[in-house]
Amino acid sequence: MPELDMSIHAAIYEAASGRAPSLLPVLAKYVVMTRQARGCINVDFLLATLNTHMFLVYEKWDSEQSRAAHYASELVAQSAAGMSPYLAGSPTMIQFESISAYDEGGLAPYEAEA
């Protein structure tokens, strides 16, 4: 089986004070629609246990090209506009790279820090 060149992306959204109930359905719709997007492998939608105004959307894409195409889509533009009034600030966006615990070569950057 060929290895995928996955793109993994996380976004942390913090609702403005008292606005989490309004932000929740907008984020939920984004997650449901994104799961149907071409190249989407999975999207997880999580609520922080200690801060119920904070949400995490964790996306896995089959390639960086698929993720970039999705982020340039009308769905993302509409979702961002719909979320904006309910957010405390800009979301924190983080891109990740998959590593394997069985691939010692994948840990090389961290060995240099030791």
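Of the GluC sites (Glu not before Pro) found in segment 1-59, the ones in coil according to DSSP and having at most 13 other Cβ atoms within 10 Å of their Cβ are Glu3. Which residues in segment 13-34 place their backbone N less than 11 Å from a point set 7 Å from the Cα of Gln78 along the Cα-to-Cβ direction? Taking a point 7 Å out along Cα→Cβ of Gln78, the residues of segment 13-34 whose backbone N falls under 11 Å are 30, 33. Shown in residue order for segment 81-92 are the 3J(HN,Hα) couplings computed by the Karplus curve 6.51 cos²θ - 1.76 cosθ + 1.60 at θ = phi - 60°: 5, x, 7, 3, x, 9, 8, 6, x, 5, x, 8 Hz (x for Gly and Pro).
The numbers here are math on the coordinates, done by the rules we state, and not lab data. All values reported here derive from a predicted model rather than from experimental measurement. Here the Cβ is made from the backbone with ideal geometry for all residues, glycine too, and neighbour counts use every protein chain on show.
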